[in-house]
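Enquirer: First the structure, which I've put down as structure tokens, then a few questions once you've had a look.
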Amino acid sequence: MSLGDRASFCPAPRLPAPFRFSRKSSGTALSASLDGVTAAFLVVRAALVSQPARRFILGICLEVMDDEPKPATQLHNSEPLFSFGVIADIQYADLEDGYNFQRSRRRYYRHSLLHLQGAIEEWNRESTSPCCVLQLGDLVDGYNAQHNTSETSLGHVLSTFQMLQAPVHHVWGNHEFYNFSRDYLGNSKLNTKFLQDQIAHHPETTPSDNYYAYHFVPFPKFRFILLDGYDLSVLGVEQSSLKYQQSLKMLKEHNPNTELNSPKGHIPVYPEASDTVCLAWNYEDALAVIWSHKCVVCFISGHTHDGGYSEDPCGVHHVNIEGVIETAPDSQAFGTVYVYPEKMILKGRGRVPSRIMNYMKDIAFHP
């Protein structure tokens, strides 16, 4: 599949004027905003091996098929091929309730752990267990660092995840780096690289040793891709390092915020699926890469806490998962995605709404 086969018919994204930038970032298009990123989950039909992938965060691929298309009547299947769980922004801390950055929404630091326990209990009770759970980042809150409870809080959350009967894949968000260094994370149980597929890497995309990236196939023809959203970052690295200096230079060039750690500019990449506060600063670049591949069907992220959804003009579904941390004790915030030959169905709980996400007709899965 050549680059640009999708871009030829996809229109330009609707871009809010305040988020247009004359200079593009160096490297590939999905470089994370340097002042904070949680996670994203990208669903595509083919592995994106024709372009360096140093900045993707998390993805799923429906790989290229050789079979002849089957009649539409044969595509319907009442049973899903497989399922997986999604949860975002748990941000646990053993603290009284607080408020968000703008002090406009309540945060339930202690109760977030109970929400996680409830989610795990439901996943374990499902008639067909999810093949895995995607933890989309920000597992413990940054306040833990101020109270010297980072390791204790992380231990509580990881102990809770041990109840899960399916493997969990962890993405590193900005709150991970508020609490821990990259070296610490690499040697912790938040490093789930051991769950990766052992396949040959394209020589231009082989990451360095301290680069958190991997991919795996939970079901034939479907590939999940998790890549490092903090390859270049001022968080989690020594200030004396070359990477810190390079990251700081890029951050000052591209971040319009006076306060570099301002929440403006994070991970969602499509304007219609996110408010402008959380829209990635280089989302135009991200969309250019996504739209240049006909295989992409979904992009899922956390970090916004409020959630969001939109289907872009190319048929790519953009889903932002509501955050656990701002979910009241009498509600919930997680979901299970059921994958079918021609669609995915997100069954949300509590604040996470359920959605049907159809694939474009020419990329349906043909067993």
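The values are calculated or read from the model by the stated rules, or taken from the named source; none is laboratory data. From a predicted model like this one, the values you see are computed outputs, not experimental measurements. Positions of Cβ are backbone-derived with ideal geometry, glycine not excepted, and every protein chain shown enters the neighbour counts. What goes into the accessible areas is simple: the full protein's heavy atoms, side chains included, and nothing from ligands, DNA or RNA. Shrake-Rupley method; radii C 1.70, N 1.55, O 1.52, S 1.80 Å.
Enquirer: Hey, GLY155 hits all of (1) at pLDDT 95 or above; (2) under 21 Å from the mean Cα position of the chain (by Cα) but one; which does it fall short on?
Expert: Answer for GLY155: the failing condition is (2).
Enquirer: Pairs needed: first member in segment 84-95, more than 16 Å from PHE224 (Cβ to Cβ) and touching a residue at least 40 places away in the same chain (Cβ under 8 Å); second member anywhere, open to solvent by 10 Å² or more (accessible area, probe 1.4 Å) and of a type in the set (Val, Ile, Thr); C-beta distance under 8 Å; at least 6 residues apart or different chains.
Expert: ALA93/THR149; ASP94/THR149; ASP94/THR152
Enquirer: Is it true that ASP97 is at positive phi, of a type outside the set (S, T, N, Q), at pLDDT 50 or above and open to solvent by less than 70 Å² (accessible area, probe 1.4 Å)?
Expert: No.
Every residue, every condition in (1) crowded, with 17+ Cβ neighbours inside 10 Å; (2) modelled with pLDDT of 90 or more, yes or no:
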residue	(1), (2)
PRO130	yes, yes
GLY137	yes, yes
GLN146	no, yes
GLY186	yes, yes
ASN191	no, yes
HIS201	no, no
PRO207	no, no
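Enquirer: Shifting gears a bit: Take ILE225 and tell me if it is assigned to a strand (DSSP E or B), modelled with pLDDT under 80 and within 18 Å of the chain's Cα centre (by Cα).
Expert: For ILE225, the condition - assigned to a strand (DSSP E or B), modelled with pLDDT under 80 and within 18 Å of the chain's Cα centre (by Cα) - is met.
Enquirer: Name, by its number, the condition in (1) at pLDDT below 70; (2) open to solvent by 20 Å² or more (accessible area, probe 1.4 Å) that does not hold for LEU242.
Expert: (1)
Enquirer: Hey, can you tell me all the residues within segment 295-342 that are open to solvent by less than 10 Å² (accessible area, probe 1.4 Å), closer than 13 Å to SER112 by Cα and not in a strand (DSSP E or B)?
Expert: Of everything in segment 295-342, those that are open to solvent by less than 10 Å² (accessible area, probe 1.4 Å), closer than 13 Å to SER112 by Cα and not in a strand (DSSP E or B) turn out to be GLY323, VAL324, ILE325, THR327.
Per-residue answers, yes or no, for (1) in contact with a helix residue (DSSP H, G or I) (Cβ under 6 Å, 6 or more places away or on another chain); (2) not hydroxyl-bearing (Ser, Thr, Tyr):
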position	(1), (2)
THR304	no, no
GLY308	yes, yes
ASP312	no, yes
ILE321	no, yes
ILE325	yes, yes
TYR340	no, no
ARG351	no, yes
